[in-house]
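For reference, the structure discussed in these notes is given below.
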Amino acid sequence: LPTVTSTGSVSTATVGGGPYAITASGGTVNAGYAFTLSNVGTLTVQPKALTMTGTSAANKIYDGTSTASLTGSLSGVLFNDAVGLNLSGNFASTNAGTGITVNSSSTLTGAMAGNYALTQPTPGIVVR
């Protein structure tokens, strides 16, 4: 059986522009055989999942609203991409209490944010 090897590349690879046609280049085959590259396929880039780490919510004095102040950081960004984290969340209840769950509605910001997907903390953040 003949053995064929080849390389290929795409001119760019971001989430927003795909799918991308793969351009085959070069290649070798066993002596006595010839090959033609056709229908080399396409490449689709999926967003990379990012996680929030060290996320916590600050205690607050009762004010009748559910708005929470969060702190934390972003984990998993590649190549110093311009991606930031806009932290936001809400208490599950507007009532005063202890151990109230806070649900994050944080979002990604920055020029490269579209190449990533944010995984929100679950089941939520609990203020103690």
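So that you can scan it fast, the table gives a plain yes or no per residue for (1) closer than 18 Å to residue 71 by Cβ; (2) assigned to a loop (DSSP other than H, G, I, E, B); (3) out of contact with any Leu (no Cβ under 9 Å at 6 or more places or on another chain); (4) at pLDDT 95 or above:
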residue	(1), (2), (3), (4)
85	yes, no, no, yes
98	no, yes, yes, no
102	yes, no, no, no
117	no, no, no, yes
123	no, yes, yes, no
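For residue 34, work out the one condition from (1) under 21 Å from residue 9 (Cβ atoms); (2) of a type in the set (A, V, I, L, M, F, W, C); (3) open to solvent by 80 Å² or more (accessible area, probe 1.4 Å) it doesn't fulfil.
(1)
Which one of 83, 77 is open to solvent by less than 40 Å² (accessible area, probe 1.4 Å) and either at positive phi or not aromatic (Phe, Trp, Tyr) (or both)? Outline the logic, then answer.
Numbers: 77 fails: open to solvent by less than 40 Å² (accessible area, probe 1.4 Å).
83 is the lone residue from the list that is open to solvent by less than 40 Å² (accessible area, probe 1.4 Å) and either at positive phi or not aromatic (Phe, Trp, Tyr) (or both).
Is one or more of the residues making up segment 47-58 open to solvent by 40 Å² or more (accessible area, probe 1.4 Å), over 21 Å from residue 12 (Cα atoms), of a type in the set (Gly, Ala, Ser) and touching a residue at least 24 places away in the same chain (Cβ under 8 Å)? Spell out the reasoning first.
Just the residues of segment 47-58 that are open to solvent by 40 Å² or more (accessible area, probe 1.4 Å), to begin with: 47-49, 51, 53-54, 56, 58.
Subset that is over 21 Å from residue 12 (Cα atoms): 51, 53-54, 56, 58.
Those still in the list that are of a type in the set (Gly, Ala, Ser) too: 54, 56, 58.
Imposing the further condition that a residue be touching a residue at least 24 places away in the same chain (Cβ under 8 Å) reduces the set to 56, 58.
Yes, segment 47-58 contains a residue that is open to solvent by 40 Å² or more (accessible area, probe 1.4 Å), over 21 Å from residue 12 (Cα atoms), of a type in the set (Gly, Ala, Ser) and touching a residue at least 24 places away in the same chain (Cβ under 8 Å).
Being touching a residue at least 40 places away in the same chain (Cβ under 8 Å) and of a type in the set (S, T, N, Q) is the filter here, so list the residues in segment 88-127 that pass it.
Across segment 88-127, the qualifying residues are 104, 106, 115, 119, 120.
The values are calculated or read from the model by the stated rules, or taken from the named source; none is laboratory data. This one's a predicted model, so the numbers in the text were calculated from it and none came from an experiment. So basically every Cβ, Gly included, is an ideal-geometry build from the backbone, and we count neighbours across all protein chains shown. All accessible areas refer to the heavy atoms of the entire protein, side chains included, with ligands and DNA or RNA removed. Shrake-Rupley method; radii C 1.70, N 1.55, O 1.52, S 1.80 Å.
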